[in-house]
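Submitted below is the structure of interest, expressed as structure tokens.
The values are calculated or read from the model by the stated rules, or taken from the named source; none is laboratory data. Everything numeric in this text was worked out from a predicted model, so none of it was measured. Here the Cβ is made from the backbone with ideal geometry for all residues, glycine too, and neighbour counts use every protein chain on show. Quick note on the areas: whole protein, heavy atoms, side chains included, nothing else; ligands and nucleic acids left out. Shrake-Rupley method; radii C 1.70, N 1.55, O 1.52, S 1.80 Å.
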Amino acid sequence: MSLVEFRKVTKTFDTVVVLKEVDLAIDAGEVVVLIGPSGSGKSTLLRCINALEQINGGDLVVDGISVKAGSSKIRLIRQEAGMVFQQFNLFPQMTALENVAFGPRRVRGASRREATEQAEALLAKVGLADRGHHYPAELSGGQQQRVAIARALAVKPKLMLFDEPTSALDPELRHEVLRVMQALAEEGMTMIVVTHEMAFARKVGTRLIFMEDGKIAVDGEPADLLAKAENPRLREFLQHVN
Amino acid sequence: MEFDWSVVVDATPALLGGARLTILITLAGLVGGLAVGFIAGLMRAYGNALLNAVAFTYVELVRGTPIVVQVMFIYFALPVLADIRVNPMTAAITAIIVNAGAYIAEIVRGSFLSVHKGLREAGLALGLPTWKVLFYIVGPVAFRRMIPPLGNQFIVSLKDTSLFIVIGVGELTRQGQEIMAANFRAVEIWSAVAILYLIMTGTLTLILRATEKRMRML
Ligand SMILES: Nc1ncnc2c1ncn2[C@@H]1O[C@H](COP(=O)(O)OP(=O)(O)O)[C@@H](O)[C@H]1O
Ligand SMILES: [Mg+2]
């Protein structure tokens with residue numbers, strides 16, 4: 001069975017239909033890059049997976065658990081699906097190390113020592129071993145986003161969701177975040193990434209999905225699609241982002 | 001007229017006794033008011049429609065009536081309505097709890113809601129239940145933002161205790177009034193009373209300043 005399975009998922013905000021009977025299956029190990037015009041429903045699709053948004057129709061099953069199964073099951077889904085936000089959303093009252101140790105400690109119930117050790121290892125992995133005692137406000141955007149990735153990984157998820165992780169960063173800080181994401185993909189992490197970084201899609205992605213108006217318009221191999229897109233609107237879109 | 005220091009010296013023990021009661025009422029009232037205010041404020045911010053309506057009604061009832069009327073109601077009307085005896089001290093403390101609680105509820109609600117919703121989402125996305133997100137993540141950020149308005153409310157409540165003169169609690173203002181009625185030395189007595197209030201509010205201000213400094217605002 002797929003790790004993430006959308007079955008005719010519909011999502012509405014008031015009267016606006018944002019996802020229209022979306023069918024989508026994602027298997028373990030895939031690195032799915034999600035692109036599409038602003039407002040096409042990329043963030044909403046991602047946020048339905050970890051139930052930050054509630055679906056209105058159809059069903060959505062993550063690692064065998066339906067997002068409609070109630071709040072304690074939803075918490076299990078969220079522990080399996082880590083999320084990285086465009087605005088980092090680090091906890092400002094905690095140091096980088098405390099941010100990363102927070103999940104193991106408060107979600108997984110690890111001891112303080114265990115949690116700190118895990119957090120130190122993860123900070124080292126994202127290249128921030130020497131920044132553990134800094135508060136988020138004392139870090140650059142790129143460093144904050146790497147801490148945010150480490151914080152999500154600390155809960156030991158099977159799947160990582162990235163919502164435009166580099167969009168809030170200055171161009172020269174983007175590559176340090178993308179490098180961490182690439183390393184993660186090379187370790188075999190299942191990832192769904194909303195991004196306009198086409199070089200990342202080509203190099204790291206195993207699958208490219210183009211969303212348009214609440215639907216999946218194109219779904220295929222990144223290399224193929226980027227070389228010759230059949231869909232005229234995807235072609236136009238690619239011209240604008242490149 | 002000449003300022004007669006001996007009047008102040010003679011009045012000091014009684015005035016200090018009054019100040020002691022003022023502090024007692026304020027402290028007990030604010031401890032209770034904080035508890036009530038946190039509960040009502042969180043009900044307003046995160047409760048379902050019913051809890052929200054209950055808290056809203058409470059806040060509006062208190063904000064819409066003067067504190068003198070509230071303490072009169074507790075002291076004179078409640079015994080008639082509910083057949084419970086209330087002594088003046090209990091009525092005074094209860095009045096501060098009820099009154100400060102409503103204003104603190106608004107402070108709590110506002111500061112929790114002022115915290116960027118991305119923090120709440122980041123906490124939920126880790127797989128925490130909502131109450132833990134509020135307790136460990138949103139609460140500590142909100143708490144720092146509450147300190148200045150809470151400090152303001154503490155000072156207002158301290159001064160409000162002077163209104164309990166109407167139910168005969170022997171707090172500072174009442175003590176001043178009684179001494180003045182006996183010796184007619186208005187200037188000396190009300191100067192001394194004012195200075196004692198200033199010392200109490202000034203101490204509160206200093207404590208709050210120090211607390212604000214120690215906590216990094218976020
Ligand atoms: N919380 C919300 N309330 C109302 N409408 C929303 C909300 N979130 C998103 N939308 C609407 O849903 C549509 C899709 O939004 P989104 O998923 O954020 O698109 P994208 O991430 O592709 O830019 C947009 O029209 C947006 O205005
Ligand atoms: Mg978006």
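Given the options A:VAL126, B:GLY118, B:VAL7, identify the residue whose Cα lies farthest towards the positive end of the charge dipole of the protein assembly as shown (+1 on Cβ of Lys, Arg; -1 on Cβ of Asp, Glu).
Going by the charge dipole, the pick is A:VAL126.
Also: Whole number in Å², please: accessible area per residue of the stretch A:58-98, 1.4 Å probe, ligands, DNA and RNA not counted.
35 Å²
Next question, about the same structure. Could you tell me which residue out of A:PRO232, A:THR190, A:GLY205 lies farthest along the dipole of the stretch A:163-242 toward its positive end? Charges go on the beta carbon: Lys and Arg +1, Asp and Glu -1, centred on the Cα centre.
Farthest towards the positive end: A:PRO232.
Mind checking the mean number of beta-carbon atoms from other chains within 10 Å of the Cβ atoms in B:112-125?
5
In terms of the ratio Rg/(2.2 N^0.38 Å) built on C-alpha atoms, what value belongs to chain A?
1.00
Under 13 Å from a point placed 7 Å out from the Cα of A:ARG202 along the Cα-to-Cβ direction: which residues of the stretch A:24-45 have their backbone N that close?
Backbone N within reach: none found.
I need to check one value: relative contact order of the stretch A:146-235, counting alpha carbon pairs closer than 8 Å and at least 6 residues apart, in percent.
Contact order relative to length: 23 percent.
Ok, one more. Given the -39500 (n - 2.57) contribution per DSSP H run of 4+ residues, what per-residue ellipticity at 222 nm results for the protein assembly as shown, rounded to the nearest 500 deg cm²/dmol?
Rounded to the nearest 500, it is -18500 deg cm²/dmol.
For the protein assembly as shown, state the semi-axes of the equivalent ellipsoid (square roots of 5 times the eigenvalues of the alpha-carbon gyration tensor), sorted largest first and rounded to whole angstrom.
Value: 60, 24, 18 Å, ordered largest first.
Based on the Cα atoms of the stretch B:1-89, what semi-axes does the equivalent ellipsoid have, where each is the square root of 5 times one gyration tensor eigenvalue, given in whole Å with the largest first?
38, 18, 13
Still on this model: Just to be sure I understand: if I project the alpha-carbon convex hull of the stretch B:104-205 onto a plane and average over all orientations, what area do I get in nm²?
Convex hull of Cα atoms, orientation-averaged projection: 8.4 nm².
State the percentage of accessible surface on the protein assembly as shown attributable to carbon and sulfur atoms; use a 1.4 Å probe and exclude ligands, DNA and RNA. Don't jump to the answer; show the numbers that get you there.
Numbers: 12500 of 21630 Å².
So the carbon and sulfur contribution to the accessible surface is 58 percent.
OK, next. Assuming a viscosity of 1.567 mPa s and a temperature of 4 °C, what translational diffusion coefficient in µm² per second does Stokes-Einstein assign to the stretch A:132-184, Rh being the Kirkwood radius over Cα pairs?
It diffuses with D of about 111 µm²/s by this estimate.
Just need the relative contact order of the stretch A:12-147 here, percent rounded to a whole number, with Cα pairs under 8 Å and 6+ apart.
Relative contact order of the stretch A:12-147: 17 percent.
Please give the FRET efficiency for A:SER71 paired with B:LEU198, using the beta carbon to beta carbon distance and R0 = 35 Å, rounded to the nearest 0.05.
Once the sixth-power term is evaluated, E becomes 0.10.
Additional query: Across the residues of A:101-111, average count of Cβ atoms on other protein chains within 10 Å? Before the final figure, lay out the partial values.
On the way: counts 0, 6, 5, 1, 1, 9, 6, 2, 0, 0, 0.
The shielding value for this peptide is 3.
I would also like to ask the following. Let me confirm one metric for peptide A:75-88, namely the mean number of other chain beta-carbon atoms within 10 Å of its residues' beta-carbons.
Per residue, the number of nearby Cβ atoms from other chains is 3 on average.
Continuing with this model, one more query. If every alpha-carbon in the stretch A:1-141 counts as one equal scatterer, what log10 I(q)/I(0) does Debye give at q = 0.09, 0.10, 0.15, 0.20 1/Å?
After summing over all Cα pairs, the log10 values are -0.36, -0.44, -0.90, -1.18.
Quick one: divide the alpha-carbon radius of gyration of chain B by 2.2 N^0.38 Å and tell me what you get.
1.22
Can you send over the solvent-accessible area of B:ILE195, 1.4 Å probe, protein chains only, in Å² to the nearest 10?
100 Å²
When ligands, DNA and RNA are left out and all protein chains stay put, how many square angstrom of accessible area per residue does the stretch B:106-218 have with a 1.4 Å probe?
Numbers: 5390 Å² over 113 residues.
That works out to 48 Å² per residue.
Need one value: the accessible area of B:MET180 in square angstrom, 1.4 angstrom probe, rounded to the nearest 10.
The accessible area comes out at roughly 40 Å².
I want to check the label-to-label distance for A:ASP219 and B:GLU60. Put each point 7 Å from Cα in the C-beta direction and report it in nm to one decimal.
Here the answer is 5.1 nm between the modelled labels.
Just round it to a whole percent: the fraction of Cα-Cα distances in the stretch B:59-162 exceeding 16 Å. Present the calculation step by step, with values, prior to reporting the outcome.
Details: 3467 of 5356 pairs.
For the stretch B:59-162, the fraction of Cα-Cα distances above 16 Å is 65 percent.
For A:ASP170, what accessible area in Å² do you get when you roll a 1.4 Å probe over the heavy atoms of the protein chains, rounding to the nearest 10?
Accessible area of A:ASP170: about 80 Å².
Report the label-to-label distance for B:ASN152 and A:ALA129 in nanometres (one decimal), using points 7 Å from each Cα along the Cα→Cβ vector.
Simple spin-label model gives 5.0 nm for this pair.
Using only the heavy atoms of the protein chains and a 1.4 Å probe, how would B:TYR75, B:TYR197 rank by accessible area, largest first?
Numbers: B:TYR75 55, B:TYR197 30 Å².
Final ranking, largest accessible area leading: B:TYR75, B:TYR197.
Probe radius 1.4 Å, ligands and nucleic acids left out: which of B:LEU113, B:LEU119 has the largest accessible area, and how do the rest follow? Before the final figure, lay out each step's value.
Values: B:LEU113 95, B:LEU119 15 Å².
The ranking, largest first, comes out as B:LEU113, B:LEU119.
Now for a separate question. Give me the distance in nm between label points sitting 7 Å out from Cα along the Cα-to-Cβ direction at B:LEU16 and A:LYS156, one decimal.
It is 6.4 nm.
Return a whole-number percent for the relative contact order of chain B, with Cα pairs under 8 Å and 6 or more residues apart as the contact set.
So the answer I get is 31 percent.
Here is a further query. For the pairing of chain A with chain B, what total accessible surface becomes buried, with a 1.4 angstrom probe, in square angstrom to the nearest 100?
Adding both sides of the contact gives about 1800 Å².
Suppose the chain between B:PHE135 and B:ILE23 were pulled fully straight at 0.36 nm per residue; how much longer would it get relative to their current alpha carbon spacing?
Between B:PHE135 and B:ILE23, full extension yields an extra 37.3 nm.
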